[in-house]
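The values are calculated or read from the model by the stated rules, or taken from the named source; none is laboratory data. Just so you know, these numbers come straight off a predicted model, no measurement behind them. Note: ideal-geometry Cβ built from the backbone for every residue, glycine included; neighbour counts use all protein chains shown. Surface areas here come from the heavy atoms of the whole protein model, side chains and all, with no ligands, DNA or RNA. Shrake-Rupley method; radii C 1.70, N 1.55, O 1.52, S 1.80 Å.
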Amino acid sequence: VTLLDSGDRETDPIRHDRSEALFERARRVLPGGVNGASRLLSPYPIAMTRARGSQIEDVDGNRYVDFHCAFGSVLLGHDDPRLRDALVETLDGHGVTFATSHPLELELAEKVCSLVPGAEQVVFSCIGTEVTYHAIRLARVHAGRRLLLKFEGNYHGWHDYAYFNVRYDIADAGPDGDPRPVPSSGGMGDAAADVLVCEYNDVEHVRELFARHPDEIAALIVEPIYHNGGVVMPEPGFLETCRELCTRHGTVLVFDEVITGFRQALGGAQSLLGVMPDLTTFGKAIANGYPVAALAGKRSVMRDLAPLGNAYYSGTFNGHLLNTALALRCLEILEADPPYERLAALGARLRDGIARAIADTGVDASIGQLGSVFSLYFTRRKLTSYRDIVRHSSGNGGALQAAYQRFLLARGIYLHPLGYVIRGYLTDAHTTADVDELVIATRAFLEELCK
Ligand SMILES: Cc1ncc(COP(=O)(O)O)c(C=O)c1O
């Protein structure tokens, strides 16, 4: 594929000179020129400066419809005026952080517990990685065991407990059906000794692992909807079996709802799918892009957190006043005027438009969509696991995805490529015109591919 994947100045109708220059500068003071590996784009990242509603603007003054939405954190739209008001109100006459108890965090806790079926108690911190870490440690304390069962491709943040088999070469994990844990970063010591890995949706293997380790598995952590793989749904019976096995074996079931939480439904994926975890983690959309994360769950498990229990939990910025106020306002807005039907209708319009373009052009592709999350796959096969995705859909080892991203960029659409999958998000600020722009550009891309 050569289609615009080089960032060629001759063929690219919009300029990114300042982004390019900033990247040159950044390489001297930021390792690799970026603040985290997932920020890197080829040939250089586009530096953004401001965003409003569904629109985002780069440092060269180019405007895009944003379908990246900060990895799905932004749900109401960028710079929502209602949240801006909450920010100003909170700043006005207050300090911003006390590192003490305060009434707003209690209000937020009551709100989360009233909205999420599996939340009897909750604690707050700042990022998703932090709360999945605490969920696993809490589960280990609660169960008095070490082993963690996780699924290939599911991402729970970068800590040593769970950063296994995330983005990696499946050949490294041995044959299908019984993958071994492969750390996705160096420096993770011997953490693999405490991890069991399974393919997503492989119910038989989950059963087998519980049979092999009947009283040893402390926690099973899973993305109830595998959004790190785009839109991969749990097969009927998969989560139900996980629930049943966890109950039978005294294992803590953790739903990682960092993406699905408040984005797919007010009560999270657990309310859509009707399976109740013991613990749930939230982040991203809970505060429309402000850094808030939550660990919620059954009182009987949560009570093992410090100070009552032996799972230490602390943090200077836990319940940070600004973030707490914004999360609370965000949840109040979502509760008063739930956007989920509007988002589902917009998502369906996008899905139908792209599905028609795929059918008309005959390209071997498909579109996955659930509510406000969508994913374009370069295959028509049904995909149920990480292995399926990397084998069948990465699109010339990711070149096709990069070409698509650059094609969209040149047409005023921002979609951040994720290496092995293309995943995009809608916000309540996106319009049918925004969605139609993406459909038209995608059709044009697919037509180019057929030439
Ligand atoms: C499902 C899931 N869990 C946890 C995380 C980690 O969250 P954070 O990046 O805020 O640390 C992510 C991030 O993308 C995620 O998608």
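If you check ALA119, ALA139, ALA143, ALA135 for being surrounded by 17 or more Cβ atoms within 10 Å (Cβ to Cβ), under 24 Å from the mean Cα position of the chain (by Cα), away from the ligand (no atom under 16 Å from the Cβ) and within 30 Å of VAL203 (Cβ to Cβ), only one passes: ALA119. Hey, among the residues in segment 400-409 that are of a type in the set (A, V, I, L, M, F, W, C) and open to solvent by 10 Å² or more (accessible area, probe 1.4 Å), which one's farthest from the chain's Cα centre (by Cα)? Checking each candidate, the answer is LEU400.
Against the list (1) touching a strand residue (DSSP E or B) at 6+ places or on another chain (Cβ under 9 Å); (2) open to solvent by less than 20 Å² (accessible area, probe 1.4 Å), the condition ARG299 fails is (2).
Here ALA211, ALA171, ALA218 are screened, and the one residue that is part of a strand (DSSP E or B) and more than 18 Å from TRP158 (Cα to Cα) is ALA218.
A residue that is in a loop (DSSP other than H, G, I, E, B), touching a Gly at 6+ places or on another chain (Cβ under 8 Å), open to solvent by 80 Å² or more (accessible area, probe 1.4 Å) and away from the ligand (no atom under 16 Å from the Cβ) cannot be found anywhere in segment 88-95. Answer yes if at least one residue in segment 176-196 is of a type in the set (S, T, N, Q) and out of contact with any Pro (no Cβ under 7 Å at 6 or more places or on another chain), and no otherwise. Within segment 176-196, one or more residues are of a type in the set (S, T, N, Q) and out of contact with any Pro (no Cβ under 7 Å at 6 or more places or on another chain).
Here's the yes/no breakdown for (1) closer than 16 Å to VAL435 by Cα; (2) touching a residue at least 40 places away in the same chain (Cβ under 8 Å); (3) open to solvent by less than 20 Å² (accessible area, probe 1.4 Å):
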| residue | (1), (2), (3) |
| --- | --- |
| ASP364 | no, no, no |
| LYS382 | no, no, no |
| ARG387 | no, yes, yes |
| GLY398 | no, no, yes |
| ARG411 | yes, no, no |
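Only one of the numbered conditions (1) open to solvent by less than 70 Å² (accessible area, probe 1.4 Å); (2) over 18 Å from LEU321 (Cβ atoms); (3) within 16 Å of the ligand (Cβ to nearest atom) is violated by PHE124, and that is (2). Output the residue which, of all residues in segment 53-87 that are crowded, with 19+ Cβ neighbours inside 10 Å and acidic (Asp, Glu), is nearest to SER375 (Cα to Cα). Top of the filtered list is ASP66.
Scan segment 31-42 and give yes if some residue there is more than 19 Å from GLY289 (Cα to Cα), assigned to a helix (DSSP H, G or I) and not small (Gly, Ala, Ser), otherwise no. Taking every residue of segment 31-42 in turn, at least one turns out to be more than 19 Å from GLY289 (Cα to Cα), assigned to a helix (DSSP H, G or I) and not small (Gly, Ala, Ser). Please verify whether GLU130 is of a type in the set (Asp, Glu), at pLDDT 95 or above, surrounded by fewer than 24 Cβ atoms within 10 Å (Cβ to Cβ) and more than 14 Å from the ligand (Cβ to nearest atom), treating the condition exactly as stated. Answer is no for this residue. Among the residues making up segment 407-424, those that are under 16 Å from ARG39 (Cβ atoms) and not hydroxyl-bearing (Ser, Thr, Tyr) are LEU409, LEU415, HIS416, PRO417, LEU418, GLY419, ARG423. Please verify whether LEU370 is farther than 26 Å from ALA37 by Cα and buried (at least 19 other Cβ atoms within 10 Å of the Cβ), treating the condition exactly as stated. Judged against the criteria, LEU370 is a match.
Taking segment 152-176 as the region of interest, how many residues are at negative phi, open to solvent by less than 20 Å² (accessible area, probe 1.4 Å), touching a residue at least 40 places away in the same chain (Cβ under 8 Å) and more than 11 Å from the ligand (Cβ to nearest atom)? Count: 1. The residue pairs whose first member lies in segment 423-449 and is in contact (Cβ under 8 Å) with a residue 24 or more places away in the chain, whose second member is open to solvent by 50 Å² or more (accessible area, probe 1.4 Å), and whose beta carbons are closer than 6 Å, counting only pairs six or more residues apart or on different chains, are VAL435/ARG349; ALA441/ARG411. Among the residues of segment 212-234 satisfying the criterion of being more than 16 Å from the ligand (Cβ to nearest atom) and out of contact with any His (no Cβ under 8 Å at 6 or more places or on another chain), which is least open to solvent (accessible area, probe 1.4 Å)? The selected residue is HIS213. Condition first: at pLDDT below 95 and in contact with an Asp or Glu (Cβ under 6 Å, 6 or more places away or on another chain). Can you find one or more residues in segment 18-33 that meet it? Checked segment 18-33: no residue is at pLDDT below 95 and in contact with an Asp or Glu (Cβ under 6 Å, 6 or more places away or on another chain). Scoring LEU253 on the criteria (1) out of contact with any Pro (no Cβ under 7 Å at 6 or more places or on another chain); (2) crowded, with 20+ Cβ neighbours inside 10 Å leaves a single failure, condition (1).
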